[in-house]
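Contents: one structure, followed by commentary.
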Amino acid sequence: MLKRLITFLLFGLHLTSAVPQTTYKTDTIKLNYLITNRINLQDSLINWDLVFDSTFYEKDIYWLGEAHGIKYSYDALWILFKHIHEKVKFRYFLIESGYPAEFYLNKYLETGNEELLNISFESFRGGFNNNQNLFDFFCKLYKYNQNLDPKDRIKVVALDYTQNNIFSSRFLRSLLLEHVQCLELPRVGNKFVNKPIKNTDRLLHIYEQLYADLLNDKSKYVNCLDSSYFAYQYTLRNITSSWISELTNFLDVREVLMFDNFKIRNQDLDFKKNKAFAYFGSNHCYLEKTKGFESFSSRIKKSDPQLSIVSIVMKYAKSKTRAPVNTTLLSIILPDTKGSINWPFSNNWNIPTKLWDDNISLISLNKDLSPFQKSRWFILGYLNGFHTTDYFQYVVFIKNSPAAAKIQN
């Protein structure tokens, strides 16, 4: 976990330091384009036709990329999520989390029992997603779902792994407890089921043995776990893969893992037919490769040309994020007693903030004669031959956002 956090911070600081800030203030052609092709997402009546044409609503997957823990990001998420669903009727909400969170979030969306929502957010402890604004989003989603036919209600699909090891182990234990006698687990598995283990190194050893036993005798697990088999296998596989990333290239291994998870889930859920809305960190939503990094959305686009994808990415100015309060390294590097910090790369584009008054603007970058179709604004580490609209086609420009609210539960 420490290596992942250091990698994440260094990647963010690299983005901050590498930005050619002087060009953004002086390029009047592009600035005028931004002014002309934008709408205020905080307006009571939004003229969506100014940014979205009819072809926008013909996509299969809608990616929305954010910087975590910034309040206005969640406001933009709800506005775009609701509007696009009203037009497209997507069935699935793809999220940057592990299966245990998916399990409890969907149970909450089925029942409205807020205790299940509280449990799902335990998986976010120590991370940017553990905030009240995202919690409130799911409360609104539950209410929104109640107005839909039960067969059309939106479900959550998790494509990442759970970074909270204690929560993951508790979830796996709950799946095994009912089937211990049938499974005839290896000795270490019985110890795992009978007594909670908090030591990370011991958990790794146990997961490796449990996964080896699963691969060695799959039929035993299929027969004994029955309807719980997928949850167990999918969760354990992702946890085991995540440990590998600790020892290799975290960024690349994680993207491959999420790409593989997408392919697995697509087999049953058929995102082309049922449509999906995805909410991930901005890096994961780039539809082309940058130097040294290829997002899983880029891999999806290349692997299945029949799947129609569009990407919307958020950019920030003068905004704050809520740092994970349990992260010691962050508290040392970016100290703030309230858990709210200036996001390290939220002001890097240096676009004059007085171009318009609204704090949450949606801008189309791919209109006719758009200068962004032949330029590389908003992109760092681009590859030759690609331009801004190859990576994403819309920008939500956010300024003056406070940090997301501290979780209340």
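Under the √(5λ) rule applied to the eigenvalues of the Cα gyration tensor, what semi-axes describe the equivalent ellipsoid of the stretch 155-313? Give them in Å, descending. Write out the running numbers ahead of the final one.
On the way: eigenvalues 202, 68, 31 Å².
For the stretch 155-313, the ellipsoid semi-axes come out as 32, 18, 13 Å.
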Dipole of the stretch 85-208, positive end: most advanced residue of Thr200, Tyr108, Leu141 [Cβ charges, Cα centre] | Thr200
Listed with the fewest Cβ neighbours within 10 Å leading, Trp63, Trp356 appear as Trp356, Trp63
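Per residue and in Å³, how big is the convex hull formed by the alpha-carbon atoms of the stretch 89-199?
Working: hull volume 13.7 nm³, N = 111.
Output value, Cα hull per residue: 124 Å³.
Ranked by Cβ crowding within 10 angstrom, fewest neighbours first, how are Tyr286, Tyr33 ordered?
On the way: Tyr286 26, Tyr33 19.
Listing Tyr286, Tyr33 from fewest to most nearby Cβ atoms yields Tyr33, Tyr286.
Which trypsin sites (Lys or Arg not before Pro) from the stretch 162-244 combine a DSSP loop assignment with at most 11 other Cβ atoms within 10 Å?
Working: sites: Arg170, Arg173, Arg187, Lys191, Lys198, Arg202, Lys218, Lys220, Arg237; in loops: Lys198.
Answer by residue number: Lys198.
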On full extension of the chain, what length is gained from Asp53 through Thr200, given 0.36 nm per residue of separation minus the C-alpha to C-alpha distance?
-> 47.9 nm
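Report the rotationally averaged projected area of the stretch 249-321 based on its alpha-carbon convex hull, in square nanometres. The partial results should precede the final answer.
Numbers: hull surface 24.1 nm².
About 6.0 nm², averaged over all directions.
Suppose R0 equals 30 Å. What FRET efficiency, 1/(1 + (r/R0)^6) with r the Cβ-Cβ distance, do Ile35 and Lys87 give to the nearest 0.05? Walk me through the numbers on the way to the answer.
Values: r = 26 Å, r/R0 = 0.86.
Approximately 0.70, to the nearest 0.05.
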Which FRET efficiency value, to the nearest 0.05, do you get for Val222 and Asp368 by plugging their Cβ-Cβ distance into 1/(1 + (r/R0)^6) with R0 = 51 Å?
-> 0.40
Roughly speaking, what is the stretch gain from Asn190 to Ile264, that is 0.36 nm per residue apart minus the C-alpha to C-alpha distance, in nm to one decimal?
-> 23.7 nm
Calculated FRET efficiency for the pair Asn118/Lys354, C-beta based, R₀ 60 Å, to 0.05 = 0.90
Cross-link reach list, lysines versus Lys220, counting only Cα pairs under 21 Å and skipping chain neighbours closer than eight places = Lys191
Tally Lys/Arg at +1 and Asp/Glu at -1 over every other residue whose Cβ is under 12 Å from the Cβ of Tyr57; what's the total?
-> -1
nm² value of the averaged projected area, convex hull over the Cα atoms of the stretch 127-168 | 4.0
Greater than 28 Å apart at Cα, pairs in Lys218/Lys275; Lys59/Lys315; Lys195/Lys218 = Lys218/Lys275
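Which value, in debye to the nearest 20, describes the size of the charge dipole of the stretch 37-102 about its Cα centre when Lys and Arg Cβ atoms bear +1, Asp and Glu Cβ atoms bear -1, and nothing else is charged?
Values: 7 positive and 10 negative charges, 19 e Å.
Roughly 100 debye for the stretch 37-102.
Among Thr240, Thr36, which comes first, second and so on when ranked by fewest other beta-carbon atoms within 10 Å?
Going from least to most buried by this count: Thr36, Thr240.
FYI, it's all coordinate maths here, none of it is from the lab. Source: prediction; values computed, not measured. A quick note on method: Cβ atoms are made from the backbone with ideal geometry, for glycine too, and the neighbour counts reach across all protein chains shown.
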